[in-house]
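What follows draws every value from the coordinates through simple rules; no lab data is involved. Values in this document were obtained by computation on a predicted structure and should not be read as measured data. Glycine also receives a Cβ, built like all others from the backbone with ideal geometry; neighbour counts cover every protein chain displayed.
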C-alpha cells in the first residue's frame, strides 16, 4: 500500500490523503483539493474507488458529492452522517471493515465529540483522525452537534482502546501551535520541548509523525491525570485542579485552547 499526502495552502491547513494498492485502486480521505487530486490521477493513473469522510464539515466533506460523480465512486461515512453530507453516502457501523481490494481495506471507528457523526478510519496502521485528534491537540467543540462530554469519552476511552502503534494522520497540521499550548500547560515536559525544537517550518510540520502511544507522552488532552499539568493549570487559573475529575481538567483545557 502507498500513501500520498499533502497540505493545502489554506488558513485551515487541511491535510489530503490518498491510499493506493499495487493495482492503483485509490481511496481519498476527506478530499477537497480537486485540482491536485485530478493532476495526480492523470500522472499516476490510479482509479478512485472510494471516498472516506470523517465528518460533515465542508472543509472535509464539501467536495464529496462532486468527486463521487466525477469518479463514480462510493462515499463512506459513519451511520450518523447520513443526510449531513451532500453525496450518496454508504454508511458504515462502528468497527466495520470497508473492503476496496484484496490489498486495501479500512476500518471505521465512531469518534463523536467534534461532531456527533465524527469517525476515524484505520488502514494498515495509519489512523486518519480527522478533527478528533491532532498532533499535540484535539478538535474544538463549537459546532452545532458537538459534545464536550462525547469528545472526552472519545479521547480517553474510545481511542485508548485502539493499538498504541497506530500512526496519527490528522485532518489538519497545527502541531507547532498545539505544542506551544502543551508547553504552556505543562512546562517541564521534555518530550514537548524536544518536538517543538524540531518544528521550524511547514515542511517540518508535515514530516512530524507520532503514534497514539507517543501522543500520550505530550498531548495535554491525553494527559489529564498528570500532576504537573494539573499543578500548572491550577497556577494559571488560581483554581485547584489537583483533586478534580479528569473531565473537569479536559473542560478547562479545551476552553483555554479555544482562546489561545
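Return a whole-number percent for the relative contact order of the range 53-112, with Cα pairs under 8 Å and 6 or more residues apart as the contact set.
Contact order relative to length: 25 percent.
Looking at the chain, send over the antiparallel percent of its DSSP beta bridges, to the nearest 5.
Of those bridges, close to 60 percent are antiparallel.
Placing one identical point scatterer on every Cα of the range 189-236 and ignoring solvent, what is log10 I(q)/I(0) from the Debye formula at q = 0.13, 0.18 Å⁻¹?
-0.37, -0.65
Using only the Cα atoms of the range 155-219, build the gyration tensor, take square roots of its eigenvalues as a ≥ b ≥ c, and label the shape rounded, prolate or oblate: rounded if a/c is under 1.5, else prolate if a/b is larger than b/c, else oblate.
oblate
What value, in deg cm²/dmol to 500, does the helix sum -39500 (n - 2.57) over DSSP H runs of n ≥ 4 give at 222 nm once divided by the residues of the chain?
Mean residue ellipticity, 222 nm, calculated: -8500 deg cm²/dmol.
For a quick check, take a GNM of the chain with Cα springs below 10 Å and name the residue from 239, 107, 74 with the largest mean-square fluctuation.
Sorting by GNM fluctuation, first place goes to 239.
How large is Rg/Rh for the range 81-204, to two decimals, with Cα atoms and a Kirkwood Rh?
1.01
Could you state the per residue volume, in Å³, of the convex hull enclosing the Cα atoms of the chain?
Spelled out: Cα convex hull of the chain, divided by residues, is 118 Å³.
Over what distance in Å are the Cα centres of the range 78-138 and the range 1-43 separated?
16
Relative contact order of the range 2-258: what whole-number percent is it, with Cα pairs under 8 angstrom and at least 6 residues apart?
Value for the range 2-258: 13 percent.
Highest mean first, how do 147-154, 31-38 rank when packing is the count of other Cβ atoms within 10 Å averaged over residues?
Listed from highest to lowest mean packing, they are 147-154, 31-38.
Where a ≥ b ≥ c are the square roots of the eigenvalues of the C-alpha gyration tensor, would you call the range 86-127 rounded, which needs a/c under 1.5, or, failing that, prolate if a/b is larger than b/c, or oblate?
Because a/c hits 1.5 or more and a/b fails to exceed b/c, the range 86-127 counts as oblate.
Quick one: if you stick a label point 7 Å off each Cα along the C-beta vector at residue 94 and residue 234, how many nm between them?
A separation of 3.5 nm, rounded to one decimal place.
Taking the chain as the reference, fit the longest principal axis to its C-alpha atoms, fit the long axis of helix 34-44 to the helix C-alpha atoms, and give the angle between the two in degrees, 0 to 90, nearest 10.
Relative to the chain, helix 34-44 is tipped by roughly 60 degrees.
Using alpha carbons only, how many degrees (0 to 90, rounded to 10) separate the axis of helix 227-237 from the longest principal axis of the chain?
80
In the Gaussian network model of the chain, springs joining C-alpha atoms below 10 Å, which of 39, 230, 158 carries the largest mean-square fluctuation?
Result for the chain, Cα springs under 10 Å: 39 fluctuates most.
Using Cα atoms only, what is the angle between the long axis of helix 175-185 and the major principal axis of the chain, expressed in degrees (0 to 90) to the nearest 10?
Once rounded, one gets 20 degrees.
Shape call for the range 50-143 from the C-alpha gyration tensor, a ≥ b ≥ c root eigenvalues: rounded (a/c under 1.5), prolate (a/b greater than b/c) or oblate?
Since a/c reaches 1.5 but b/c is at least a/b, the shape of the range 50-143 is classed as oblate.
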